[in-house]
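The values are calculated or read from the model by the stated rules, or taken from the named source; none is laboratory data. Quick caveat, the model's predicted, so the values are computed rather than measured. Here the Cβ is made from the backbone with ideal geometry for all residues, glycine too, and neighbour counts use every protein chain on show.
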Amino acid sequence: MSKQERTERFNLLSEMGCAICGQPPQIHHLIGTKWRGMGQKADDRHTIPLCLNHHTGQQGIHKVGMRQWEFQYGTQEELLEITNHKIEMIKEIHKKGHCHDYLHV
């Protein structure tokens, strides 16, 4: 992923709001052996928007653990698929020049 692609993705994720509640997000790199090597974070393509609470707060994946968090909110893979679909829809809307409220698609 190029620096420009990374910046574009992170900007879109920031605009989307938390994948769980819609609050202003942080960028979450997916965790688990499927998404990264030992001691490494996931590739920037494997990111979803999570608010402070759902990322590192009391209800956060880094606080309660991946299994419990995914049981409660859905798997990271499911949320990544939804996030990527929204990103593609937003890009298509931008291409067509329709920049009205696209964030809640």
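Annotation: of all residues in segment 41-51 being of a type outside the set (A, V, I, L, M, F, W, C) and part of a strand (DSSP E or B), the one that is modelled with the lowest pLDDT is Thr47.
Scanning segment 2-10 for residues that are among the aromatic types (Phe, Trp, Tyr) and at pLDDT 90 or above turns up at least one hit.
Of all residues in segment 1-28, those satisfying the criterion of being over 16 Å from Asn84 (Cβ atoms) and of a type in the set (Val, Ile, Thr) are Thr7, Ile20.
Within segment 14-32, count every residue that is within 13 Å of Arg45 (Cα to Cα), aliphatic (A, V, I, L, M) and at pLDDT below 95.
2
Checked against the criteria, Thr7 counts as loosely packed, with under 14 Cβ neighbours inside 10 Å, among the hydroxyl-bearing types (Ser, Thr, Tyr) and outside any strand (DSSP E or B). Just a yes or no: is a residue in segment 33-40 part of a loop (DSSP other than H, G, I, E, B), modelled with pLDDT under 90 and surrounded by 15 or more Cβ atoms within 10 Å (Cβ to Cβ)? The answer is yes, given that some residue of segment 33-40 is part of a loop (DSSP other than H, G, I, E, B), modelled with pLDDT under 90 and surrounded by 15 or more Cβ atoms within 10 Å (Cβ to Cβ).
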